[in-house]
1. What number of residues in the stretch 208-233 are over 22 Å from Val275 (Cα atoms) and more than 21 Å from the chain's Cα centre (by Cα)?
2. Can you tell me how many residues in the stretch 53-111 are without any contact (Cβ under 8 Å) to a residue 40 or more places away in the chain and among the basic types (Lys, Arg)?
3. Which residues, taken from the stretch 71-106, are assigned to a loop (DSSP other than H, G, I, E, B) and among the hydroxyl-bearing types (Ser, Thr, Tyr)?
4. Which residues, taken from the stretch 180-205, are surrounded by 21 or more Cβ atoms within 10 Å (Cβ to Cβ) and touching a residue at least 60 places away in the same chain (Cβ under 8 Å)?
5. How about the stretch 139-154: which of its residues are surrounded by fewer than 24 Cβ atoms within 10 Å (Cβ to Cβ) and out of contact with any helix residue (DSSP H, G or I) (no Cβ under 7 Å at 6 or more places or on another chain)?
6. Could we say that Thr260 is modelled with pLDDT of 95 or more and within 22 Å of Asp139 (Cα to Cα) here?
7. Looking at the stretch 110-128, can you tell me whether even one residue there is of a type outside the set (D, E, K, R) and either surrounded by fewer than 16 Cβ atoms within 10 Å (Cβ to Cβ) or modelled with pLDDT under 95 (or both)?
8. Within the stretch 308-320, count every residue that is in contact with an Asp or Glu (Cβ under 9 Å, 6 or more places away or on another chain) and over 13 Å from Arg39 (Cα atoms).
Amino acid sequence: MRAMVLSAPATPLRMEQRADPIPDDGEIRVRISACGVCRTDLHVIDSELPGIRYPIIPGHEIVGRIDLMGRNVTGHRIGERVGIPWLGYTCGKCRYCCLGMENLCDHPLFTGYTRDGGFATHAIADARYAFALGETGNDASTAPLLCAGLIGWRSLVMTGRAERLGIYGFGAAGHIVAQIAAWQGRSVFAFTRSGDVAAQGFALQLGASWAGPSDQRPPEALDAAIIYAPAGDLVPLALRAVRKGGQVVCAGIHMSDIPTFPYNLLWEERKLMSVANLTRQDGIDFFKIVPQAGIQIRTTTFPLDQANEAIAMLRTGQLLGAAVLQP
């Protein structure tokens with residue numbers, strides 16, 4: 001197999017040739033056809049997440065076909081098209097798993113972070129955490145659904161019945177969630193980097209009612225806001241934009257420090273919460289919604305050996321939608 005490998009913190013990925021991996025009991029091997037490049041991959045590469053063991057292969061928005069199965073695998077077959085998400089394993093025994101909160105498992109494994117991921121031609125996955133995708137949709141457009149879509153969906157669900165929804169950071173997750181929210185009949189207000197008229201125009205094309213810079217107040221008070229950009233200074237801005245009783249959901253796995261802000265931004269029963277990982281049920285629910293909502297994924301594709309170029313473009317905000325590697 002070929003893989004783009006992170007050998008040390010904050011260094012360019014390096015192409016390596018390795019022996020094809022062999023699945024263990026309960027595991028499958030997937031020949032990868034597409035892997036999305038997610039902002040979480042930047043946090044892994046920049047060593048902003050704890051406990052990274054090097055070398056590691058990043059990537060957790062994987063689409064491919066099973067080409068080898070270990071013993072005791074049920075519910076899958078050779079040749080099946082599957083998706084491998086961020087959540088790669090849970091213990092099933094800790095308090096959180098027993099309470100149905102496997103996204104908060106005390107002993108999890110995460111694809112592309114604590115186990116090798118999808119910036120490669122092959123990947124190993126726990127069969128229980130691979131989603132059967134069927135044959136609908138092309139692989140490149142499906143890949144971003146495995147994290148940007150799933151985390152976007154979980155964060156949207158957390159906003160409840162919010163009719164006026166703010167989205168801060170209009171990247172891969174934002175452009176997916178905006179379409180679902182518009183399909184659900186919500187009004188979407190898209191917040192982008194100052195001067196990013198391309199992203200603002202893109203948001204309006206996808207059904208947003210309004211689009212503008214993040215430091216601008218929306219034309220009306222929001223019921224809820226979701227922050228996808230990893231910038232802590234957006235939190236006070238979002239709290240200021242939501243109405244009494246509204247909520248702000250921080251959807252990233254990592255965020256820069258939140259600056260101090262006056263208590264009156266939180267007062268009047270406004271809520272500030274975070275989203276952590278996903279559950280398999282999130283995936284089941286979300287993939288039922290995708291064909292109904294008619295989601296169109298904007299992608300820019302790169303060959304595997306151009307992973308560093310894709311990462312650089314994501315880091316500097318040069319992409320509309322999602323970047324996808326295709327081995």
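The values are calculated or read from the model by the stated rules, or taken from the named source; none is laboratory data. Computed from a predicted model, the values in this text were never measured in an experiment. Cβ atoms come from the backbone with ideal geometry, glycine included; neighbour counts cover every protein chain shown.
1. Final tally of qualifying residues: 12.
2. Matching residues across the stretch 53-111 total 4.
3. Of the stretch 71-106, the ones assigned to a loop (DSSP other than H, G, I, E, B) are 71-80, 85-86, 90-94, 99-101, 105-106.
Once the filter is applied, which keeps residues that are assigned to a loop (DSSP other than H, G, I, E, B) and among the hydroxyl-bearing types (Ser, Thr, Tyr), the stretch 71-106 yields Thr74, Thr90.
4. Ile180, Ala199, Phe202
5. Once the filter is applied, which keeps residues that are surrounded by fewer than 24 Cβ atoms within 10 Å (Cβ to Cβ) and out of contact with any helix residue (DSSP H, G or I) (no Cβ under 7 Å at 6 or more places or on another chain), the stretch 139-154 yields Asp139, Ala140, Ser141.
6. no
7. No, the conditions are met nowhere in the stretch 110-128.
8. Total meeting the criteria: 0.
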